[in-house]
Amino acid sequence: MVASRTHAFGHTAIALAFGLVVTMVVAAAGHLSGAHVNPAVTIGFWSIRRFPASDVVPYVAAQCIGAILGSLFLAWTLGNIANMGGTVPSIPVAQAFAVEMGFSGVLAFVIMSVATDERTTPSLAPFVIGATVFAGALVTGPITGGSFNPARSLGPSVVSGDWTVHWLYWGAPVIGMVLAMRLYDLLRGADATTPHTPLGVEGPID
């Protein structure tokens, strides 16, 4: 939205901003709440018994409320511009679904590596996850909006009223992350953490 209003920077810088924000959030909140800012991550961890069912609804609700409040703040500060930063595909829906699902899976695979495998250095999590989001936004942003996060798409839709294929931005990330997390567990073999231990993107939440 800032780029559209000011023309100060282009797509590459937008993707970089996405990656840097995720890096900061994970570094700042990973040890506090697990830095669950993505409902698909929370649901994915729950699906492989690495996040308690009782916490799923509160976490997803907080993520969605935060996204809506963020979009309302942007509407107040910048006005109704660039469709409120909404995610709408510029390619056919089937292809857009595959792209969002595929890169959501890549992101989930990376998160599984830094959050659940003792062979990976946890301090790398903010930078690796942020770099993955940057790469995804850079490549897929022009064709799908580069969401990988249902809450990120929900906020602009609520505020702008544009619900174009909104279901895609829930279905594709959730399916992609659930499948990728299961795949990582399968490829790894021996479990590196105890099932039912609440996980964040940097590892177990104390």
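Just give me the residues in the range 48-61 being surrounded by 21 or more Cβ atoms within 10 Å (Cβ to Cβ), touching a helix residue (DSSP H, G or I) at 6+ places or on another chain (Cβ under 6 Å) and under 14 Å from MET112 (Cβ atoms), in sequence order.
PHE51
How many residues, within the range 12-43, are part of a helix (DSSP H, G or I) and either in contact with an Asp or Glu (Cβ under 9 Å, 6 or more places away or on another chain) or under 14 Å from ALA125 (Cβ atoms) (or both)?
Matching residues across the range 12-43 total 11.
Those residues that are open to solvent by 10 Å² or more (accessible area, probe 1.4 Å) and without any contact (Cβ under 8 Å) to a residue 60 or more places away in the chain, I need them from the range 30-47; list them, please.
Listed by number, the residues that qualify are LEU32, TRP46.
When the range 27-51 is examined, which residues are found to be closer than 23 Å to LEU72 by Cα and modelled with pLDDT under 95?
ALA29, ALA35, HIS36, VAL37
Any residue in the range 154-175 that's at positive phi: show its pairings with residues that are in a helix (DSSP H, G or I) at Cβ separation under 7 Å, as long as the two are six or more apart or on different chains.
That search, which allows pairs on different chains as well, returns VAL165/VAL93.
Considering only residues of the range 138-164 that are more than 11 Å from the chain's Cα centre (by Cα) and among the aliphatic types (A, V, I, L, M), which is most open to solvent (accessible area, probe 1.4 Å)?
Per the stated criteria, the residue is VAL139.
Of (1) in a loop (DSSP other than H, G, I, E, B); (2) in contact (Cβ under 8 Å) with a residue 24 or more places away in the chain; (3) surrounded by fewer than 16 Cβ atoms within 10 Å (Cβ to Cβ), ALA8 satisfies all except one. Which?
So ALA8 meets the others, but not (2).
Might you check whether a residue that is touching a strand residue (DSSP E or B) at 6+ places or on another chain (Cβ under 9 Å) and either farther than 15 Å from GLY105 by Cβ or crowded, with 18+ Cβ neighbours inside 10 Å (or both) occurs anywhere in the range 178-190?
No; the residues of the range 178-190 include none that is touching a strand residue (DSSP E or B) at 6+ places or on another chain (Cβ under 9 Å) and either farther than 15 Å from GLY105 by Cβ or crowded, with 18+ Cβ neighbours inside 10 Å (or both).
The values are calculated or read from the model by the stated rules, or taken from the named source; none is laboratory data. Note that the structure is predicted; figures quoted are calculated from it, not measured. As a convention, Cβ positions derive from the backbone with ideal geometry for all residues, glycine included, and neighbour counts pool all protein chains shown. With ligands, DNA and RNA removed, areas are computed over all heavy atoms of the protein, side chains included. Shrake-Rupley method; radii C 1.70, N 1.55, O 1.52, S 1.80 Å.
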